[in-house]
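Remarks on the structure that follows.
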């Protein structure tokens, strides 16, 4: 009898409830798979249906549908919902995630036979899974120890173990078919919850139920109220997850070790009082048994979590941070040749809200989800990415901390928004480069002023006069011949002296 995986069951359920044929792209979108993965997973579905004398038909340009009567369709839906004659078969990615979760969470070694029995696969398959889990866990500072007649266990610092669990639950792994997700409405959702086989699935459900995610949201809200600010929505989900994991691990005796100098530094920060209050809220029943290192972990997490705006006291964490932000603001203003950007409070707010938590994460070695950049800047805005990369170099030189590449996209968006704000409030300073003579230049200038009144035409330059110093305050060069930009970040648009429609379009796009 052919068995179906959870994803195959979901695909079949979509086909059974659809009124019209579904394209591969539609099936892929609704199951978070690629079209190729859908096609591969439909093969066992076709065999499963064939055992019930039902055909799965795929028509190019039309989609996938089932050839069955309404009565057969209802019977199949009932069969799936009741799990009658249905066996949950874990995909390789699901199995690897479950093995990783139980190994990292286990208080004692797990024997190979336990893993075989609970996952329902062969010894060879488990050993291959362990190799992949071992390679992934090593990136978090954990090692997999395998000893004959002893079992398999994960070794490493408790903080690293918790970070790995959070990354696993968030889906930051190389394993396919993510099993869990976080949301403000539902907390932590386990995709296989409710299934009773293989045995590792109900064991996982019981394990995850020990994590007080809903209470953790209340702990985060309490911290926000005490600190006088708000975290970003995505950061709240991550912080709630890490606090829930911390609470469960500490309650079962797995506490964190913290270097004495780090603990002393954290105790000097204003956030320490809030972290201590959160600690007492979490462990209200037995606060005396919780070591100060657990308060230190909460303080680290609060400092390292992204805010939705700069909080009071953010720059008081370290006196050097004020100087760092001032230097970055000056670099941005110089790179854009826009002095007013040095006073852009929204840009300063954004830099503080993102860079300081990033520095704290690197300082304490904390994992965090990659920034969610919903919109990438178009290719013509590569200048913002270039400046963002240069800002990270300055940060590294002044702090010794290298910001991850994922932060560059966030910085680029902040820079673009700042430039748009500043550009909207003042004319665009432009030089005309025209070696053809006064008549041609005057004609072009007249047409530009008539068509683009927002352009502040500072003058007409010949090629010999074109120097970085001469155009230091310009935002744009408009040239009638090919010209190499004399300074980084200064755009050049080549036009016809008569300012043709396509030239107008190029300048319009630049202004936009």
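Observations, loosely collected:
- Tensor-based shape of the stretch 4-89 (alpha-carbon gyration tensor, a/c under 1.5 rounded, otherwise prolate or oblate): oblate
- Sorting the segments 461-470, 267-276 by their mean number of nearby beta carbons within 10 angstrom, highest to lowest, gives 267-276, 461-470.
- Three-way shape label, the stretch 120-204, alpha-carbon gyration tensor, a/c 1.5: oblate
- Kirkwood hydrodynamic radius of the stretch 314-424, from the reciprocal of the average inverse Cα-Cα distance over all distinct pairs: 14.2 Å.
- Between residue 467 and residue 398, the C-beta separation translates, for a Förster distance of 30 Å, into a calculated FRET efficiency of about 0.45.
- The stretch 213-304, relative contact order [Cα under 8 Å, separation at least 6], %: 33
- For the chain, share of DSSP beta bridges that run antiparallel, in % to the nearest 5: 50
- Relative contact order (%) - the chain, alpha-carbon pairs under 8 angstrom, separation at least six: 8
- Degrees between helix 123-138 axis and first principal axis of the chain (Cα, 0 to 90, nearest 10): 40
- Put a dot 7 Å past the Cα of residue 382, heading toward its Cβ, do the same for residue 176, and the two dots end up 3.4 nm apart.
- Here the simple spin-label model places points 7 Å from the Cα toward Cβ, and for residue 62 and residue 267 these points are separated by 7.5 nm.
- Length-normalised contact order of the stretch 326-484 in % [C-alpha pairs under 8 Å, at least 6 apart]: 24
- The Cα trace of the stretch 62-185 gives Rg and Dmax of 18.8, 59 Å, the first to one decimal, the second as a whole number.
- Estimated Rh, the stretch 99-159: Kirkwood, alpha-carbon pairs, angstrom: 11.7
- Classified by the C-alpha gyration tensor, the chain has an oblate form. Its axis ratio a/c, with a ≥ b ≥ c, is 1.5 or above, and a/b does not exceed b/c.
- With 10 Å bins beginning at zero, the pair-distance distribution over Cα atoms of the stretch 436-510 amounts to 18, 57, 25, 0 %.
All of the numbers you see were taken from the coordinates with simple rules; none came from a lab. These figures come from a predicted structure and were not determined experimentally. Every residue, glycine among them, receives a Cβ derived from its backbone with ideal geometry; neighbour counts consider all protein chains shown.
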